[in-house]
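Let me begin by presenting the structure, written as structure tokens, before commenting on it.
The values are calculated or read from the model by the stated rules, or taken from the named source; none is laboratory data. Bear in mind the structure is a predicted one, so any value in this text is a computation, not a measurement. Here the Cβ positions follow ideal geometry from the backbone for every residue, glycine too, while neighbour counts run over all protein chains shown. Side chains included, ligands, DNA and RNA excluded: accessible areas come from the protein's heavy atoms. Shrake-Rupley method; radii C 1.70, N 1.55, O 1.52, S 1.80 Å.
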Amino acid sequence: MLAYTEIRAPFAGVITRREVDTGHYVQPTQSGHPLLVITRCDSVRVFADIPELEAAMVDPGDSATLHVQALPGRQFEGTITRTSWSLDAANRSLQAEIDLPNPEGLLRPGMYATARILLDQHAEVLTLPEAALVRDADQTVCCYCVRGGRAVRTPLSLGLASNDEFEVVSGLQGDEIVVLAHAESLENGQPVAVLPPEAK
């Protein structure tokens, strides 16, 4: 009978909620409230909601970098462990789970974190900053190249985006002079002058 006086958890952790104290007499109850809640702290699971536009590119094994608001200056590396595969109908997002080792116990349940997930990676590609892109009413994307002293409207096909840089899949060869700022203010065929780098 003495065995019933001791409760052993199936894993090591920290008691984060206690509903009884030593010496309390506990009777069977139908309330469903636990006597104790124990939290495993050597690893944590992070839940991230992925927007619909990126959901199809997220797979288990993708690398992720996490920044936690309560731990400025620190970052934690992990990988996508699993996803819900289907999107939440309420917010059109995919839930992804990231399991992280937590040997120092720095990460605690309930903390807010920002996850950066590497969806894809292309090397040796042409890119343009967002300021160089012009989107027409029909959603055609173009930029303006300088040819013969005039701004020439050049349609583009874009690929991956990273921060404010966009991959150029087609439309440029890489040797063009491209207007990188205020491109939306130009008209096709408008005269322009290219200033030397030292000019302001």
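Here are the numbers:
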quantity	calculated
The chain - percent of accessible surface contributed by carbon and sulfur, probe 1.4 Å	52 percent
Heavy atoms of ASP21 accessible to a 1.4 Å probe, total area in Å² rounded to 10	90 Å²
Accessible area of SER63 in the full protein assembly, 1.4 Å probe (Å², nearest 10)	50 Å²
Accessible area of ASP49 in the full protein assembly, 1.4 Å probe (Å², nearest 10)	100 Å²
Computed FRET value (nearest 0.05) for THR16 with GLN75, which takes r as the C-beta separation and R₀ as 30 Å	0.75
Probe 1.4 Å, accessible area per residue of the chain, Å²	73 Å²
The chain: C-alpha pair distances exceeding 20 Å, %	72 percent
Lys, Arg +1 and Asp, Glu -1 on Cβ, resulting dipole of region 1-117 about Cα centre, debye, nearest 20	320 debye
Simple label model, 7 Å out from Cα along Cβ direction - GLN173 to ARG116, nm	3.5 nm
Farthest toward positive dipole pole in the chain [+1 Lys/Arg, -1 Asp/Glu at C-beta], among ALA131, ILE50, LEU158	ILE50
Dipole-positive endmost among ALA3, VAL168, CYS145 within the chain (Cβ charges, Cα centre)	ALA3
Kirkwood-based Rg to Rh ratio, region 65-121, C-alpha trace	1.00
Mean Cα-pair separation over length for region 115-190, i.e. relative contact order, pairs under 8 Å, 6 or more apart, %	36 percent
Convex hull volume of region 64-179 per residue (C-alpha atoms, cubic angstrom)	178 Å³
Within the chain, helix-based [θ] at 222 nm, where runs of 4 or more DSSP H residues each add -39,500 (n - 2.57), nearest 500	-500 deg cm²/dmol
Net charge dipole size for the chain [Lys, Arg +1 and Asp, Glu -1 on Cβ; Debye, nearest 20]	620 debye
